[in-house]
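Working notes for the structure below.
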């Protein structure tokens, strides 16, 4: 294939990934599209009111208005109007719906605003059952609107309120745990830097002389397959969204076997990929946990530009798989398998194994880590807004690989990161 051609394929794959994740990229969007960030905000503030009392409503309304202003979603007013009603701002919510319903053109938002107005004026019991699906498509927010005047003991109303309480409580628990982990990680990072300065913390990864060029060629096969095959599958079979990444398995198998097909020795391949036990499986897994915690202060710093970019872009970056989260146990199990097993094993093998192993033969580990982390961030579907934090995660995983040599430690750290994010999402959305 050649190094130059492999680099060109990698560049094209990155461009394709960013184009596909951009608002205008990929297949044209038709019909209704949910905004998970707005839905979560609504559940959070209603749950806050339920646990902290009516006084908290005064705090929730400014948060909602800020979320509305910062979102470019076409149905943003419709997502949050029911929440404003719940918080006691009924006049403000209905006024916003009236303005939206009166907009010229009679588009989707205008028609749905008219339905919401009818629902609030007629009451949920007299609202036509045939039109309920047009409200229910707004998910939990739609259910809140449909139950706004039901008794507190009504099963439909209780289910809506319980979901909001679970979201608020889950957010509090997660944030408390994140703060504790950040504090512990800061201590670990300081100790690691002091230990490194005294010469006690040494790198165990020594890049092999061979293979060389076959590694970058194999990585190009992998990256092209991971971008093209799932995207093609989603166009042909949209219902396979949660498992579409598994359809890239042929590219993974080809890429893994490519260095041997090019004549590379297994020992060199294994060393480059980090496919060995290091100082023992359990010790390497423990090192992965410690390394991830020590990297949390860096991830916290990377969140600052992400928040600034989010404000500029008017959207909160999120993985598309979040939209697939539901109460179905099979779906949750599949998402957990993909996030906590498939992604750590496959992505670490190719990014911290193949790509980092190739670059380390030529560059300092910090430069190799930055390049690997940036490429890692750019191919993810969260879009360019999330590049700083995803790039920092990728760099942290490279630092762990450099420290331990074995790929087990970064795999563990990757699984821990994805597991924490998915646990938060399950807690908030399921």
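Computed quantities for the displayed model
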read-out	value
Simple spin-label estimate for residue 366 and residue 162 in nanometres, 7 Å along Cα-Cβ	5.4 nm
In nm, spacing of pseudo-spin labels at residue 12 and residue 54 (7 Å Cα→C-beta vector)	6.5 nm
Rg [Å, one decimal], Dmax [Å, integer] - the chain, C-alpha atoms	24.4, 76
Residue exposure sequence - 249, 293 - by fewest surrounding Cβ within 10 Å	249, 293
Per-residue Cβ neighbour rank within 10 angstrom, fewest leading, 370, 175	175, 370
The chain: angle of helix 387-404 to the longest principal axis, Cα-based, in degrees nearest 10	30 degrees
MRE, 222 nm, helices only [DSSP H, n ≥ 4, -39500 (n - 2.57), over the chain, to nearest 500]	-22500 deg cm²/dmol
Among 250, 104, 305: highest mean-square fluctuation, GNM of the chain, C-alpha pairs under 10 Å	104
Proxy reagent accessibility, fewest Cβ within 10 Å first, across 198, 157, 311	198, 311, 157
Calculated FRET efficiency for the pair residue 384/residue 130, C-beta based, R₀ 41 Å, to 0.05	0.45
Additional length obtainable on full extension of the chain from residue 420 to residue 186, 0.36 nm per residue less Cα span	82.4 nm
Separation of alpha-carbon centers, region 243-264 and region 342-394, rounded to whole Å	18 Å
Residue 201 versus residue 172: modelled label distance in nm, points set 7 Å from Cα along the beta carbon direction	3.6 nm
Centre separation in Å (Cα based) which lies between region 114-178 and region 265-303	44 Å
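Laboratory data are not the source of any read-out in this text; all were calculated from the coordinates shown. All of these numbers come straight from a predicted model, not from anything done at the bench. Ideal geometry is used to build each Cβ from the backbone, glycine not excepted, and the neighbour counts take in all protein chains shown.
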